[in-house]
């Protein structure tokens, strides 16, 4: 006889193993469906908040861009008031921003050139895919590998 509850005072019931397995399966499916429903509700609420944030950010960017254009016209007008012809003032302002854009582009290029792929993550993901496919990899990262072996940095578990 099997006691199907955790309460020792309840009398045991007689159910077959198949019935118990079916009961466990049904309860597990119920839990999974309940968790999915909770996740849907939370993600919907989060999605609404993200949408509001995105809309506010778009309005902010539009207003800042509009103000920036006005500042550029003010700078060119200031140069014009200083005695430079209008066409020259606008060319100077445009040239300064082309130069600043080129410097920013060069910095971005140098940073991108130094980027490396996450090698350990790629290797473990590939080994997981191959494990699911039934293949073995000889150089896979194991759980016994230390942080130092993986990343070349020594880490101490003790706080000193």
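With label points built 7 Å along Cα→Cβ from the Cα atoms of residue 69 and residue 102, find their separation and express it in nm.
2.6
At R0 = 30 Å, how high is the FRET efficiency between residue 132 and residue 34 if r is their beta carbon distance? Nearest 0.05 is fine. Can you show the working numbers first?
Numbers: r = 28 Å, r/R0 = 0.92.
Once rounded, the FRET efficiency stands at 0.60.
When the Debye formula is applied to the Cα atoms of region 75-128, each taken as the same point scatterer, what base-10 log of I(q)/I(0) results at q = 0.13, 0.32 Å⁻¹?
Listed by q, the Debye log ratios stand at -0.55, -1.06.
Shape call for region 12-58 from the C-alpha gyration tensor, a ≥ b ≥ c root eigenvalues: rounded (a/c under 1.5), prolate (a/b greater than b/c) or oblate?
On the way: a/c = 11.37, a/b = 6.62, b/c = 1.72.
It is prolate, given that a/c is not under 1.5 and a/b is the larger ratio.
When a/c reaches 1.5 or more, the comparison of a/b and b/c decides; with that in mind, is region 44-137 rounded, prolate or oblate per its Cα gyration tensor? List each step's numbers first, then the result.
Details: a/c = 7.70, a/b = 2.03, b/c = 3.79.
Verdict is oblate for region 44-137.
What is the distance in Å between the Cα centroid of region 62-86 and that of region 111-135?
Cα centroid of region 62-86 versus Cα centroid of region 111-135: 50 Å apart.
Could you work out how much longer the chain between residue 77 and residue 119 gets when fully extended? Use 0.36 nm per residue separation minus the Cα distance between them, nm to one decimal. Each step should come with its number before you reach the end.
Values: separation 42, 0.36 × 42 = 15.12 nm, distance 5.32 nm.
Value of the extension gain: 9.8 nm.
Taken together, the values in this text are just the output of simple stated rules run on the coordinates, not laboratory data. What you see is a predicted model, and the numbers here were worked out from it, not measured in a lab. For neighbour counting, all protein chains shown are included, and Cβ atoms are generated from backbone atoms with ideal geometry for every residue, glycine included.
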